[in-house]
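Report on the structure given below.
The values are calculated or read from the model by the stated rules, or taken from the named source; none is laboratory data. What you see is a predicted model; the values in this text were computed from it and never measured. Every residue, glycine as well, gets a Cβ built from its backbone with ideal geometry; the counts of neighbours run over all protein chains shown.
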Amino acid sequence: MRLLLIALFAAAAYADTPPVPKVFKGMQGQKGQYEVEVLEPAGKSPKMTVCTDNVVKSSGEGKRGNASCKYRLLKDTADEAVIETTCDGRTSTTTVKRESAKSMLISMETVGAKGARTMKMRYTHLGACREGQGAITLDKNSEQCQKLREQAAKMDPEKQCARQKANREECERRTREGRDRLLAMCS
């Protein structure tokens, strides 16, 4: 759900479908990196930075929304937007409130087969993305980054691709790229 909210934020900042609420227009630095603070549920997430430029690139800038999803803008002012999204039997209502020229409070309520979920986050614009920054960067000292570094250390392209005959080079390249992506999340 967290990645869905991040993707919604990035899509709303860039795309024309789903609709671009007025709250995003004129926002200082729509593009760039944002510090994401998860307010609810508390204590579940490390400090995270999102580079919206790279979220859009990784999701394919040419793609505009999900064809199976329906979007409705329920409220659209310069200071607040309420967006209803219905996808695959789930309905999410996202409220975006401008907190300041550089920050927004975003709350999301989702109802579906797995029950109801609520999440609240604060996005604060930090400026342009850093060179080589991934779409999502976690606090390098967090427990999640320790686990990612352990996982990356176990990713040996030669060992993992040893049984590959025809596509060994491609397998090794993909394994190295995967390891590099994991490590980039904690740089």
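What to note about this one:
- For S68, the conditions (1) among the polar types (S, T, N, Q); (2) exposed (fewer than 13 other Cβ atoms within 10 Å of the Cβ); (3) closer than 26 Å to P46 by Cβ all hold with the exception of (3).
- Taking (1) without any contact (Cβ under 8 Å) to a residue 60 or more places away in the chain; (2) in the same structural domain as A78 (by TED's automatic domain parsing) in turn, T175 satisfies each apart from (2).
- Some residue of segment 75-91 being free of Cβ contacts under 8 Å to residues at least 60 places away in the same chain and in contact with a Phe, Trp or Tyr (Cβ under 9 Å, 6 or more places away or on another chain): yes
- Complete set of residues in segment 174-187 that are touching a helix residue (DSSP H, G or I) at 6+ places or on another chain (Cβ under 8 Å) and either of a type in the set (K, R) or more than 22 Å from R130 (Cα to Cα) (or both): T175, R176, R179
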